[in-house]
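S.K.: Quick one: this structure, given as structure tokens, is what I'll be asking you about.
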Amino acid sequence: MPTTNQSWDPDGYARNARFVSDLGAAVVELLAPRAGERILDLGCGDGALTKKLVELGCDVVGVDASAPQVEAARRLGLDARVADGERLAFDAEFDAVFSNAAIHWMKPADDVIAGVWRALKPGGRFVAEFGGHGCVATIERALIDALRRRGINGDALNPWYFPTVEDYSARLARRGFAVRYIALIPRPTPLPTAINGWLDTFAQSFMAPLPDDNRAGFIDEVREAIRPDLCDGDGKWFADYVRLRFAADKPRD
Ligand code: BEZ
């Protein structure tokens, strides 16, 4: 994942966001990995799902823009490398490119798709899941509104790309992929550490212009704005996730 205004702390990620890889089973199932296949895990983070693919007998390379996350993945014994998803430099060496919860951090979508295309062997597949249209819309709106109250343009700070099915299918098709499956999947997701942990982990780009000692107040204000929509009567917090899940094939020639 790109690191602009967003840093990744493997311990904080494990505490606040382990559910992201725990909920990756459906996209792994769609990938249907076979032992011996060479797979690129794009945006591998701390390697939790990369490791699962290795345990299934695949030969996996993980790439991520965050050096601390790559180090965490290497500590699991994985082949993990620091690389930008927008500038993949592999050439026809993978049977599949897999990605979970990473592509929404990569705004130059066509550059990502072009790099995946180059990385795949003819007949290879691109199978991924990431934030789709409407993902965390309540949280995003509250962040942008709170920034507007401070005279700051939050849209310009927004690091996320949450495409529609039509947008992403068209991009894949334009590059030559045959889209086998694509769907938007609303998935309200319970949070392990309430909303402050989620905002601390994922919303750093929005807070970049704020002085350090204003951030806690900003987070409290956002939390209270979204409480009516995302916190239930027992005080349990949810994030309004929507996933875009797809499988697309690179023709044999
Ligand atoms: C995710 O990790 O899935 C995610 C992160 C930020 C915004 C939306 C989704």
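S.K.: Can you order the peptides 213-224, 17-28, 239-250, 130-141 by their average number of other Cβ atoms within 10 Å per residue, highest first?
M.R.: On the way: 213-224: 15.1, 17-28: 16.9, 239-250: 21.0, 130-141: 19.5.
Per-residue mean Cβ counts within 10 Å order the peptides as 239-250, 130-141, 17-28, 213-224.
S.K.: Still on this structure, I have one more. Consider just the alpha-carbon atoms of the chain and return their Rg together with their Dmax, both in angstrom.
M.R.: Cα only, the chain: 18.1, 57 Å (Rg, Dmax).
S.K.: If you build the convex hull over the alpha carbons only and average its shadow over all orientations, what do you get for the stretch 158-215? Give it in nm² to one decimal. Don't skip to the end; give the middle numbers.
M.R.: Details: hull surface 24.5 nm².
That works out to 6.1 nm², a quarter of the Cα hull's surface.
S.K.: In Å³ and rounded to a whole number, note down the convex hull volume per residue for the Cα atoms of the stretch 1-92. Mind dumping the intermediate values first?
M.R.: Numbers: hull volume 9.0 nm³, N = 92.
For the stretch 1-92, the hull spanned by Cα atoms encloses 98 Å³ per residue.
S.K.: Does the stretch 49-93 classify as rounded, prolate or oblate by the C-alpha gyration tensor (a ≥ b ≥ c root eigenvalues; a/c under 1.5 gives rounded; else a/b over b/c gives prolate, otherwise oblate)? It would help to have the intermediate numbers written out before the result.
M.R.: Working: a/c = 2.61, a/b = 1.17, b/c = 2.24.
Verdict is oblate for the stretch 49-93.
S.K.: When ranked by the protection proxy of mean other Cβ atoms within 10 Å per residue, highest first, what sequence do the peptides 108-115, 167-174 form?
M.R.: Working: 108-115: 18.6, 167-174: 16.4.
Final packing ranking: 108-115, 167-174.
S.K.: What is the mean projected area of the alpha carbon convex hull for the stretch 141-253, to one decimal in square nanometres?
M.R.: On the way: hull surface 36.8 nm².
Spelled out: convex hull of the Cα atoms, projected over all directions, averaged, 9.2 nm².
S.K.: Same structure again: Answer with one residue from Val28, Gly154, Ile182: the one whose Cα lies farthest towards the positive end of the charge dipole of the chain, charges on Cβ with Lys, Arg +1 and Asp, Glu -1.
M.R.: Ile182
S.K.: In addition: Shape of the stretch 91-141 from its Cα gyration tensor (a ≥ b ≥ c, root eigenvalues): rounded if a/c is under 1.5, otherwise prolate when a/b > b/c, or oblate? Can you show the working numbers first?
M.R.: Values: a/c = 3.99, a/b = 2.46, b/c = 1.62.
Prolate is the answer for the stretch 91-141, as a/c is 1.5 or above and a/b outweighs b/c.
S.K.: Which value, in debye to the nearest 20, describes the size of the charge dipole of the stretch 10-249 about its Cα centre when Lys and Arg Cβ atoms bear +1, Asp and Glu Cβ atoms bear -1, and nothing else is charged?
M.R.: Details: 29 positive and 35 negative charges, 74 e Å.
Result for the stretch 10-249 is approximately 360 debye, rounded to the nearest 20.
S.K.: Can you compute the charge dipole magnitude of the stretch 64-189 about its Cα centre, using +1 on each Lys and Arg Cβ and -1 on each Asp and Glu Cβ, nothing else charged? Give it in debye, rounded to the nearest 20. Spell out each step's value before the answer.
M.R.: Numbers: 17 positive and 16 negative charges, 39 e Å.
My answer is approximately 180 debye.
S.K.: With +1 assigned to the C-beta of every Lys and Arg and -1 to the C-beta of every Asp and Glu, and no other charges, what is the dipole magnitude of the stretch 205-253 about the Cα centre in debye, to the nearest 20? Mind dumping the intermediate values first?
M.R.: On the way: 8 positive and 11 negative charges, 82 e Å.
So the magnitude is around 400 debye.
S.K.: Same structure, new question: Between the stretch 165-238 and the stretch 69-121, how far is it from one alpha carbon centroid to the other, in angstrom?
M.R.: Comparing the Cα centres of the stretch 165-238 and the stretch 69-121, I get a distance of 22 Å.
S.K.: Taking every pair of Cα atoms in the stretch 124-183, average 1/r, invert it to obtain the Kirkwood radius, and report Rg/Rh to two decimals.
M.R.: Numbers: Rg = 15.4 Å, Rh = 13.6 Å.
Radius of gyration relative to Kirkwood radius: 1.13.
S.K.: Now for a separate question. Measure of size requested: the Rg and Dmax of the stretch 83-218, with Cα atoms as the atom set and Å as the unit; please supply both.
M.R.: Every Cα atom of the stretch 83-218 included, Rg and Dmax give 17.4, 53 Å.
Bear in mind these aren't lab numbers, they're just calculated from the coordinates by the rules spelled out. Nothing here was measured: the structure is a model prediction, and the numbers come from that model. Every residue, glycine as well, gets a Cβ built from its backbone with ideal geometry; the counts of neighbours run over all protein chains shown.
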